[in-house]
1. Angle between the Cα long axis of helix 2-13 and the longest principal axis of the chain, 0 to 90 degrees, nearest 10?
2. Compute the separation of the alpha-carbon centres of the range 118-148 and the range 163-228 and state it in Å as a whole number.
3. Dividing the convex hull volume of the Cα atoms of the chain by its residue count, what figure in Å³ per residue is obtained?
4. Ordered by packing density, taken as the mean number of other Cβ atoms within 10 Å over each peptide's residues, highest first, how do 282-293, 200-211, 253-264 rank?
5. Principal axis extents for the range 261-380, Cα atoms only, whole Å, descending order, please.
6. Whole Å is fine, so just give me how far the alpha carbon centre of the range 236-290 lies from that of the range 297-316.
7. Could you tell me which GluC sites (Glu not before Pro) in the range 82-174 are loop residues by DSSP with no more than 11 other beta carbons within 10 angstrom of their beta carbon?
8. Radius of gyration and Dmax for the range 113-216's Cα atoms, expressed in Å?
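All of the numbers you see were taken from the coordinates with simple rules; none came from a lab. Everything numeric here is computed off the predicted structure, so don't read it as measured data. Using ideal geometry, Cβ is built from the backbone for each residue, glycine included, and neighbour counts are taken over all protein chains shown.
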Amino acid sequence: MIKLVYFIAAVSGGALASADLAEQQQSQADGSFIDNILEKLGADGGYDSSKAIDFSVLPGPFYNPELSLGVGISAIGLYQIDESDQVSQTSSLVINGFASINGSIGMTIDNRSFFKEDQWRLYIDADIADAPDVFYGVGYQQNHQDNNRVDFNHREFSLRPMLLGRVADSAFIGAGFDFSYAKASEIDPSQSEVDSSILESSSSAVGLTLQANYDTRDVVRNPYEGRLLQLDAGWYHPHIGSNDSFQTLSFNYSEYYRLGPRDSILAWQYKSRFSYGDVPWHMLSTVGGGSALRGYTTGRYRDKQMMMSQIEYRWDLPRRHGLVFWLGAGAVAPTLDEFSSQEILPNAGFGYRFEVKSRVNLRLDMGFGDGESGFYFNVDEAF
């Protein structure tokens, strides 16, 4: 962690140098050296439209409760489907790979395509991983007990495409599907008293998904202003290949305001996910991980219902650098009427940002929860 702090300080030092001329000159020299390295990796902070896909590749360290200490590699590509299209946002493809000292290995793919003068949007998310995981049972009372921990190895594959069409100014409706396969192995209950038998069978969840949203964000990946109001619904049934029959309903409301110097932003989000029926363990609603209450172990707090909110200030510094600070809170429960103010999970943290490509940030976040913490290396903002 100390080495990581030195790394962040070295990268951001040029941006925070004092007005003293000698220090400015040294800062500019250091900045040029760093910029030369980044340009060789494609991380020039811009977008070259002459390339089919303008890629940059960056490695970086991470530490979080799920994966331990590891190294991630992010490939960020920007592209335009139709060069004559002056309306659509720049499309993007982000590929994240990771490996850690506890044997974790995996890759995520996140594609956002805009075409036909933003009349159509195609979103594709995919994950494949083989990594250690934890299970603390279901529900806050079991999840909050440290001695309920069950260690296991989690192998997963998921694919979630969604095609959206514009139906009105800033309004979209779309359809897609969700395929998620999960298999637990090497289950080690140790001294845990929770029932971990639900982990013993592999599970495939296959569902049809619908989405309706109202989206005025200026740029989807890194908004400076606007709001998102989004509703997602999913139906999973054996008739279409799912092992279990269940339904999900998710709601997301986010707003972004310019506040402060340059492109500094105040952003806040309310998010909820409700599930009903015979929900398999890997499709329960959760908090934690790199976007929802950073610092909590992904999957530790899980139940059928989840609600959370977070507010974040994104302080834009000179020369492609930035800092963020956030506060958040969330909760899980078996039913809507069982949410309790006594079971709220507090969250806070800070992070560093570096603009890799135009409006695409590399982020390093340190999050703190109730008795847990985690460090995250990722691309794009948490929300």
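1. Its long axis makes an angle of about 40 degrees.
2. The two parts, judged by their Cα centres, are 10 Å apart.
3. On the way: hull volume 56.4 nm³, N = 383.
Expressed per residue, the convex hull around the Cα atoms of the chain is 147 Å³.
4. Descending mean neighbour count gives 282-293, 200-211, 253-264.
5. Dimensions of the range 261-380 along the principal axes of its Cα atoms: 50, 26, 23 Å.
6. Going from one Cα centre to the other spans 10 Å.
7. Working: sites: GLU83, GLU117, GLU156; in loops: GLU83, GLU117.
Filter output for the range 82-174: GLU83.
8. Every Cα atom of the range 113-216 included, Rg and Dmax give 19.2, 58 Å.
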